[in-house]
1. Can you find a residue that is among the small types (Gly, Ala, Ser) and open to solvent by 60 Å² or more (accessible area, probe 1.4 Å) anywhere in the stretch A:9-21?
2. Identify, from the list A:4, A:40, the residue that is farther than 22 Å from residue A:137 by Cα and either open to solvent by less than 30 Å² (accessible area, probe 1.4 Å) or among the charged types (D, E, K, R) (or both).
3. Would you pick out the residues in the stretch A:63-80 that are assigned to a helix (DSSP H, G or I) and aliphatic (A, V, I, L, M)?
4. Any chance you could count how many residues in the stretch C:37-57 are open to solvent by 10 Å² or more (accessible area, probe 1.4 Å) and at pLDDT 90 or above?
5. Consider residue B:242 carefully, then state whether it is over 30 Å from residue B:73 (Cβ atoms), of a type in the set (A, V, I, L, M, F, W, C) and without any contact (Cβ under 8 Å) to a residue 60 or more places away in the chain.
6. Within the stretch B:88-120, count every residue that is touching a residue at least 60 places away in the same chain (Cβ under 8 Å) and within 21 Å of residue A:166 (Cβ to Cβ).
7. For the stretch A:93-103, check the following and say yes or no: at least one residue is more than 25 Å from residue C:171 (Cβ to Cβ) and open to solvent by 50 Å² or more (accessible area, probe 1.4 Å).
8. Inspect the stretch A:175-185 for any residue being at pLDDT 90 or above, facing another protein chain (nearest Cβ under 8 Å) and not in a loop (DSSP other than H, G, I, E, B) and give the result as yes or no.
Amino acid sequence: MSRINEAVHEIHHLDAMASREGRINRIHPLSKLLVTVWYITFTMSFPVYEPGGIFGMILYPAVTMRAGGISAVRSIRKLKPVLLLVCAVGIANPFFDRAVLFRAGPLPVTGGMISMATLMLKGAFAVLASYLLILTTSMESICYALRLLHVPKIMVTMVLLIYRYVIVLLKEAERISQAYSMRAPDQKGIHYRAWGTLLGQLMLRSIDRAQTVYESMLLRGFDGSFRLSKKQKMDRRSAVYLAGWLGIVVLLRYVSVFKLAGSLLE
Amino acid sequence: MNKIEVNGLTFSYEKRASSSRKNVLSGLNFTAEDGESIGLIGANGAGKSTLLKLMVGLLTDYEGELRIGGIRAEKASLADIRKKTGYVFQDSDSQLFMSTVYEDVAFAPRNYGLSEEETRERTLRALESVHMEQMKDRHIYRLSGGEKKRASIASILSMEPEVILMDEPSAALDPKNRRSLIHVLNGLSGTKIIASHDLDFIYDTCERTILIADGRLAADGPTEEILRDQTLLEDNGLELPLSFSRTLE
Amino acid sequence: MHMADALVAPAVAGTMYACSAAAAGWAVKKVQEEDDPKKVPLMGVMGAFVFAGQMINFTIPGTGSSGHLCGGMLVSAVLGPFAGFLTMIGVLLIQCLLFADGGLLALGCNIWNMAFYGCFIGAGLLWRRIMKNGPDKKKITYASVIGCILTLQLGALSVTAETLASGITELPFAVFAAAMQPIHLVIGLVEGLITAAVLCFLYEARPELIWTGDSGKSAAGAKKPKLSFRKVLLALTGAFILIGGALSLAASANPDGLEWSIQKITGSAELAASGPVHAAAGRIQSLTSLLPDYSIPDRETMLGTSLSGIFGGLAVIVLCIAVCYLFGLFRKKGRHEQNQ
């Protein structure tokens, strides 16, 4: 499957997941957005040399996956690119920081190894958290939450329009590149002589489409900005969800769960 | 009362009068009564789309007279004209710019300042008349071509327009979707003008047909009469519809 | 060049969010002043276009590999820098949400690194200056290539600075930068050529679509916003001082990061001032002596943390000015050619 097709499928999948009637899906989008950002911020603030504490942070994605009925396998597959990137940046650490912190049996564990492992965990948790957000919250709801956070209307309107036309244009781009590759079967990409015309055609069509979209808006009373609906009330559930997770995340950040469990056992 | 009055309508995309100026429409005359369904036919470049765009105020600066519901179409009256007329674009993807069916159909009433309650009522009514009430929460990009077309129609029905203009509504629809569209259109009240190359479609939806060629009125009369007139059609760059050519044989 | 959440510390992310938000606020104000309702759908559809365009593979002649579009310059060359910047924010936000390209926390960084430079420096300053007397194909090609290379260099430099300030990697600045800058020189060149090809096509097909700044589109009576060189420079200076200071504070709050922060950020000053050529040279040097390079003698006693950060920021500004100055020379030359 081509890259573009994969992208289209992914968007369809996310959309189908977000429009389910789930426990997490019903929570007010503002609560979910704030919890996600809060969670990521606190997770990222862990010092690199403290891998013990960061494990506790798995609680949020684990609970959300369970409550939202989300496949862990599919979510973990989503982590691959980010882990590769973090790995590429963090790979130097074990080489530079070779101070041995402790020994696991015969194996010396160095500061660099720890910091790299912490980094990978951070990367995984952050991606999981935002993936869980989009799996349980539709783009329109996220835009509604952004509006509540006073993000300017023009930007929210624009984001909604981009989201609306992403699929249309992805399919158009797919058709164009297929038409190209069918007549140039041995080429991996687009030859440089066709760069301008191919992408330029797509751009011109997009601009023309924008004109039609504008006319369509105009004919239906558009005056510069969208009137967005979905005045979803912040119900008690959502408020509890928000307050609960904000608290738990802070707790997990500053109280080492594993140490605590260990001392209780003693 | 006449819903649409077109009198000596002349239009050109070039603004200045010069000898080389080409009129897209020249001296067009016709009227449409309330509730009439009119097919608008003509070869490519005959001026069909231009006429539709003039009627909805996407193009202005014409010469002659153009009245919709008694109001002269001009810059000052654009808002009134647009409230009375709904325009269904050929490309549904451009027409439907909101993310879900409901949001798109609710766009116009909301923008015209109706309350959320009224908006909801109108939206559901519009969706019902195109048989899409089950799909109201669907994302636009998940709709089929036929569903998109019906959603486009619903998106203008929610404005409760007096005049409905359509540009090639049956283009790229499979036979089944085409049939259901004919069914939907025949169930709509209000004045309709349908521009199309699909003459069989016109035959199934309009009792009257206007033929334009090179911006001029070539014929205006009962659909059956015009569509059976092989010489008239061929002189103006069209062909006899399939259903008629078969009966002639 | 999307940065992941794990690569930025919250303090760095917050600083960059503040900078990007300020730029976005300015852009929103400017676009609203233009008061052109057509802009909104155009921005939306163009955003989707960039999104789709980024997915197409372009073969790089003579190599087996392929290049991609990033889009900041391209969009701004049609929409102008303000609407272009907002469009790119939209694209980055959706990419981050749908495809986990970059993260929610790193979004501020990504907007700054990938959209700010391309839209404001690349299009707002460079493009507008070059197109002052009307565009032609040569100027379009020239502006696109130089613009993309310059903005990607600035972007890559910012990525390096942000990552190091976050205390993520033990890599010395020189090594990191030496890896980043040359790669992005090539990427910038390819992106510049793609952008140029598309814009030349657009210029031939519909020249009125090319944004040329004040003299451009004679849209009836619309007030065209001006992007003054001075204002941008001032804003940049402010931003760099803010970023430099905040980053250094963030670094000093992290005792493990302290050691590298001083060396690396002062190292950045040296490197930033000398540009990509020296970066390439630095790379060769560092490849031959990776470890010795890391244990640079104790500079930390010579400079305060915060001060060094600001110093690094200033160096980047010097680079900007130097480039603009150089570019001014080029322009005169270009005009000279025209006169002939």
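The values are calculated or read from the model by the stated rules, or taken from the named source; none is laboratory data. Because the structure is predicted, anything quoted here is derived from the model rather than measured. Every residue, glycine among them, receives a Cβ derived from its backbone with ideal geometry; neighbour counts consider all protein chains shown. Heads up: the accessible areas ignore ligands, DNA and RNA and are worked out on the full protein's heavy atoms, side chains in. Shrake-Rupley method; radii C 1.70, N 1.55, O 1.52, S 1.80 Å.
1. Looking for residues that are among the small types (Gly, Ala, Ser) and open to solvent by 60 Å² or more (accessible area, probe 1.4 Å), one finds at least one in the stretch A:9-21, hence yes.
2. Answer to the selection: A:4.
3. Within the stretch A:63-80, A:63, A:65, A:67, A:72, A:73, A:76 qualify.
4. The number of residues fulfilling the criteria is 1.
5. Here the answer is yes, as residue B:242 does meet what is asked.
6. To start, the set of residues in the stretch B:88-120 that are touching a residue at least 60 places away in the same chain (Cβ under 8 Å) comprises B:88-90, B:92, B:95.
Of the ones still in play, those that are also within 21 Å of residue A:166 (Cβ to Cβ) are B:89, B:92, B:95.
Count: 3.
7. Among the residues of the stretch A:93-103, at least one is more than 25 Å from residue C:171 (Cβ to Cβ) and open to solvent by 50 Å² or more (accessible area, probe 1.4 Å), which makes the answer yes.
8. no
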